[in-house]
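> The structure follows.
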Amino acid sequence: MRGIFEDELRRLTTKFTEMEINTNEQIYHATKSFLTHDRALAQKVIADDDKINNQEVALEDEALNIIALQHPFATDFRQVIVVLKASSELERIADHATGIAKEAIRIKGHQRNLAFEEQIGEMTNVIRTMLDVAIDALVKQDSKLTQEVLTAKQKIHDDFHKLREQLLVDMKENPKSVSGDTGYLLVANYMKRISEHIINLVEWILYNKTGKITDLNHDETELDEI
């Protein structure tokens, strides 16, 4: 029976990893569509959101079947629950990517600001690395990798506040840029929210290791205690 459970869990983890790859790709394509004003690519991101939603539903079904049929022990049960919860975070991240794609369609044709776009591009690179490392930590059950994610999350928040201040100044000084700057601000906010969902993933990784829920998004003092 133990061997059957391990096979089922391995299959579940593989499907979860595939969902993460697709979600990360959604982030990349959504941001690319925004920065290049590529309406066709943005529409593809929006259409592909259903694929991520379907993957989450399939993972939920498989996870619940494992619980119902294999009756895992406490530590094994936690592993299944972590994948179940983490897949929900990926689905929400993909939703934010869809929001970026929708903003790409809205902002198409507006005045561009290359300095702001460069900052958003840099945030995207940090976000995608964050997600990859978080999933790597989950799959390998390596909580040491989570500190890298937590450090990156702080960078995203700092970059967001810096960019927001620049955008607010630009809106005041250049009224014609308000519509375009609003788009940059919304996308930067989506990035910040994605980083928070990735931190939720880290919380589940730590739960898998300790059996305790740690709120890392609302209590920054926790960062020094891991």
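> Out of the range 29-40, which residues are surrounded by 19 or more Cβ atoms within 10 Å (Cβ to Cβ) and over 15 Å from I127 (Cβ atoms)?
S33
> Restricting attention to the range 143-184, and to residues there that are among the hydroxyl-bearing types (S, T, Y), in contact (Cβ under 8 Å) with a residue 60 or more places away in the chain and over 30 Å from I213 (Cα atoms), which single residue is surrounded by the fewest Cβ atoms within 10 Å (Cβ to Cβ)?
Residue satisfying both the conditions and the ranking: S179.
Results for (1) within 21 Å of the chain's Cα centre (by Cα); (2) modelled with pLDDT under 95; (3) not polar (S, T, N, Q), shown as yes or no for each residue.
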residue	(1), (2), (3)
A40	no, no, yes
Q43	yes, no, no
I52	yes, no, yes
E62	no, yes, yes
L69	no, yes, yes
H96	yes, no, yes
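> Residues in the range 168-191: is at least one within 24 Å of H37 (Cβ to Cβ), outside any helix (DSSP H, G or I) and not small (G, A, S)?
Yes: the range 168-191 contains one or more residues that are within 24 Å of H37 (Cβ to Cβ), outside any helix (DSSP H, G or I) and not small (G, A, S).
> Out of everything in the range 178-221 that is under 30 Å from R112 (Cβ atoms) and of a type in the set (A, V, I, L, M), what residue ends up being modelled with the lowest pLDDT?
V178
> A follow-up question, please. Here are some residues: I107, I127. Which one is modelled with pLDDT of 95 or more, crowded, with 16+ Cβ neighbours inside 10 Å and closer than 18 Å to L35 by Cβ?
Matching residue, one of I107, I127: I127.
> Pick out the one residue from E60, E56 that is in contact (Cβ under 8 Å) with a residue 12 or more places away in the chain, surrounded by 19 or more Cβ atoms within 10 Å (Cβ to Cβ) and on the phi < 0 side of the Ramachandran plot.
Result of the check over E60, E56: E56.
> Additional query: Only residues that are farther than 16 Å from Q147 by Cβ, over 18 Å from the mean Cα position of the chain (by Cα) and without any contact (Cβ under 8 Å) to a residue 24 or more places away in the chain: list them for the range 195-217, please.
Across the range 195-217, the qualifying residues are K212, I213.
The values are calculated or read from the model by the stated rules, or taken from the named source; none is laboratory data. Bear in mind that the values here come from a model prediction, so they are computed numbers and not experimental data. No Cβ is skipped: glycine too gets one built from the backbone with ideal geometry, and neighbour counts run over all protein chains shown.
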